[in-house]
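Written below as structure tokens is the structure these notes are about.
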Amino acid sequence: VQLQASGGGLVQAGGFLRLSCAASERTFNRRSMAWFRQAPGKEREFVTGIGWNGVDADYAESVEGRFTISRDNAKTTVYLQMNSLKPEDTAVYYCAVGKILRPIIRNADAYDYWGQGTLVTVSS
């Protein structure tokens, strides 16, 4: 199983980034996808998730209204558009693959596969 996350980088506060996570078809189809993040010295936390059909989405309160998750099932890729970035958004961002036909879950233990992480740094 291979998940390839990309798009991280250094951006000033108020700026934007778009993360991508490409997966194999077998890994991607009929599964919810999510983004988690882990800041230095902190536990991994749920950021957002999207249902397998691309209709349902869930956002952590800290990113609601600023981040948007989407997926392209034809390209087996999930995206995270991050706008109005804040220094507290600085973290390593991980994409994760949920179980087949299961709903979005905020608990990291519910996810089967993880990407390698991409670093997002927001300067003040």
### Query
Any idea which residue in the range 50-91 is nearest to Met33 (Cα to Cα), counting only those that are open to solvent by 50 Å² or more (accessible area, probe 1.4 Å) and either part of a strand (DSSP E or B) or among the hydroxyl-bearing types (Ser, Thr, Tyr) (or both)?
Ala57
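Test Ala57 against the stated conditions and say whether it is over 18 Å from Ala5 (Cβ atoms) and of a type outside the set (Lys, Arg).
yes
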### Message
So the check is Cβ under 8 Å with 6+ separation or different chains; which pairs have a first residue in the range 99-110 that's under 17 Å from Asn29 (Cα atoms) and a second one that's hydrophobic (A, V, I, L, M, F, W, C) and open to solvent by 50 Å² or more (accessible area, probe 1.4 Å)?
### Response
Ile100/Trp52; Leu101/Trp52; Ile104/Ala57
## Note on the structure
Reported set for the range 1-43 where residues are closer than 18 Å to Val122 by Cα and among the basic types (Lys, Arg) is Arg18, Arg37, Lys42
### Query
Mind checking whether some residue in the range 29-49 is touching a Cys at 6+ places or on another chain (Cβ under 7 Å) and of a type outside the set (A, V, I, L, M)?
yes
### Task
Report whether or not Glu64 is over 20 Å from Thr118 (Cβ atoms), modelled with pLDDT of 95 or more and of a type outside the set (A, V, I, L, M).
yes
### Query
Given the residues Ser84, Ser62, which is the only one that is within 19 Å of Asn107 (Cα to Cα) and either polar (S, T, N, Q) or in contact (Cβ under 8 Å) with a residue 60 or more places away in the chain (or both)?
Ser62
### Query
Any residue in the range 20-39 that is buried (at least 18 other Cβ atoms within 10 Å of the Cβ), of a type in the set (D, E, K, R), part of a strand (DSSP E or B) and at pLDDT 95 or above?
yes
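The values are calculated or read from the model by the stated rules, or taken from the named source; none is laboratory data. Everything numeric in this text was worked out from a predicted model, so none of it was measured. Neighbour counts run over all protein chains shown; Cβ positions are idealised from the backbone, glycine included. Side chains are part of the model used for accessible areas, which takes the heavy atoms of the whole protein and leaves out ligands, DNA and RNA. Shrake-Rupley method; radii C 1.70, N 1.55, O 1.52, S 1.80 Å.
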